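Where a number appears in this text, it was derived from the coordinates with a stated rule and is not lab data. What you see is a predicted model; the values in this text were computed from it and never measured. For neighbour counting, all protein chains shown are included, and Cβ atoms are generated from backbone atoms with ideal geometry for every residue, glycine included.
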Amino acid sequence: MKPTHIQTTADDHRIAKLAAFAIALHMIEAVIPSPLPGVKPGIANIVTLYVLTQYGFATAAWVSILRVFASSLLLGQFLSPTFALSLSGAIISLLMLWLAMHLPKKYFSVVSLSILAAFAHIAGQLLIVRLWLIPHASVSYLIPIFAIAALFFGLINGLITAKLIYNKTPNAESNKPEIPSI
Amino acid sequence: MLNLPHNLKHAIKTLRLGDWLIVAGSIIVIIYLFQTLWSSEHATKVQIRLGDKIYATYTLNQQRDVHVHGPIGTAVINIAQGRARFSKSPCHNQYCVHQGWLTRAGQAAICLPNQISLELIGENKPYDSLNY
């Protein structure tokens, strides 16, 4: 029998590498206890945002969706409600990113994308919660809390991503401040 | 990473006009969400249910003891100063009495053994917790 060879491109390798980063961050986050179910920093989204700005939307979508599937397999949550929440959040925030990436770069940095994606993520999750898991209006009491968390963590993740991009940019060396920051 | 204040100062400098607008917009949305979803609306009426029927609806703007005859005995419901509670119940666990005063619209106390429930209602009923 002839062994089948799967041709992989440089793009595939890059997606795999970046998705691995995202999965690792997701795993780290999984062991951090959360005060309220659903309130999580979402540090894996830093990778998605970074990839979006460096390699474009298609790669970011691949990395994000791969991360959701692989992480749920590793945590034993595949096809569970947690997985459904994670996937719907990821899909809605990707849609939001696809829209938001057309915002003028002059005025909107990656921090804006991060905050908008965080809000979209929580909206996607609440949609699943409301339609499927808890079909009851009482969930609405938690929405303001989720919204605050989305703004806070969206802002932090966005700032971290901005810093990563700044460090990556080749001409950053010349105008770097003298104080060693890292 | 160790130089946190510097990093933060630098990070804030990278924010552009649109970013500030997004942050401000988000804060407005959050305030709006808090106002609409966390409005602890003042209750104006108490609805008493016996079995599957509405037994009576009283305004909370009065001082009154209501005696309701349920399947296992008579329960006494106090209404006073915009609040309502079970003050006496023939049930053995007394959960309904221990729940104490109900003050906000949407709050409910249920006595399952005696099939009596109280629900406070505001000007407009926000949601019906008893039908779920």
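The C-alpha atoms of chain B define a longest principal axis, and helix B:4-14 lies at about 80 degrees to it. Put a dot 7 Å past the Cα of A:Phe57, heading toward its Cβ, do the same for A:Ala20, and the two dots end up 2.9 nm apart.
In this structure the amide hydrogen of B:Tyr55, modeled in the peptide plane, comes within under 5 Å of the amide hydrogens of B:Ile48, B:Arg49, B:Leu50, none closer than 5 places in sequence on its chain. Per residue, the convex hull spanned by the Cα atoms of chain A measures out at 168 cubic angstrom.
With a Förster radius of 25 Å applied to the beta-carbon distance between A:Lys168 and A:Glu29, the computed FRET efficiency rounds to 0.60. Between B:Tyr58 and B:His92, the FRET efficiency estimated from the beta carbon spacing at R0 = 35 angstrom works out to 0.85.
For the stretch A:1-157, the dipole from Cβ point charges (+1 on Lys and Arg, -1 on Asp and Glu) about the Cα centre works out to 160 debye, to the nearest 20.
Sorting B:Glu123, A:Glu29 by the number of Cβ atoms found within 10 Å of their own Cβ, with the fewest placed first, yields B:Glu123, A:Glu29.
Peptide B:17-29 has a mean shielding of 6, counted as Cβ atoms of other protein chains within 10 Å of each residue's Cβ.
Here the Gaussian network model covers chain B, with springs between Cα atoms less than 10 Å apart; of B:Leu50, B:Leu21, B:Leu60, B:Leu21 fluctuates the most. With pairing defined as another cysteine C-beta under 4.7 Å, the cysteines of chain B that fail it are B:Cys91.
A simple packing score, the average count of other Cβ atoms within 10 Å per residue, orders the peptides B:28-37, A:86-95 as A:86-95, B:28-37, with the highest score first. The stretch A:12-41 and the stretch A:82-123 have Cα centres spaced 16 Å apart.
The label-point distance for A:Tyr107 and B:Lys13, in a model that sets each label 7 Å from Cα toward Cβ, rounds to 2.4 nm. Spherically averaged projected area of the convex hull of Cα atoms, the stretch A:34-100: 4.6 nm². Partner shielding of A:100-111 amounts to 4, given as the average count of beta-carbon atoms from other chains within 10 Å of each residue beta-carbon.
In peptide A:74-84, how many Cβ atoms from other protein chains are near each Cβ within 10 Å, on average? Mind dumping the intermediate values first?
Working: counts 0, 0, 0, 0, 0, 0, 0, 0, 0, 0, 0.
Across the residues of A:74-84, the mean count of other-chain Cβ atoms within 10 Å is 0.
By the combined test of axial Cα extent (at least 24 Å) and Kyte-Doolittle hydropathy (mean at least 1.6), the qualifying DSSP H helices of chain A come to A:57-75, A:81-100, A:110-128.
Exposure proxy shown here: for B:Cys96, B:Cys91, the number of other Cβ atoms within 10 Å sets the order, fewest to most, as B:Cys91, B:Cys96. The angle separating the long axis of helix B:17-37 from the principal Cα axis of greatest extent in chain B is about 10 degrees.
Every Cα-Cα pair in the protein assembly as shown was counted, and those over 28 Å apart are 56% of them.
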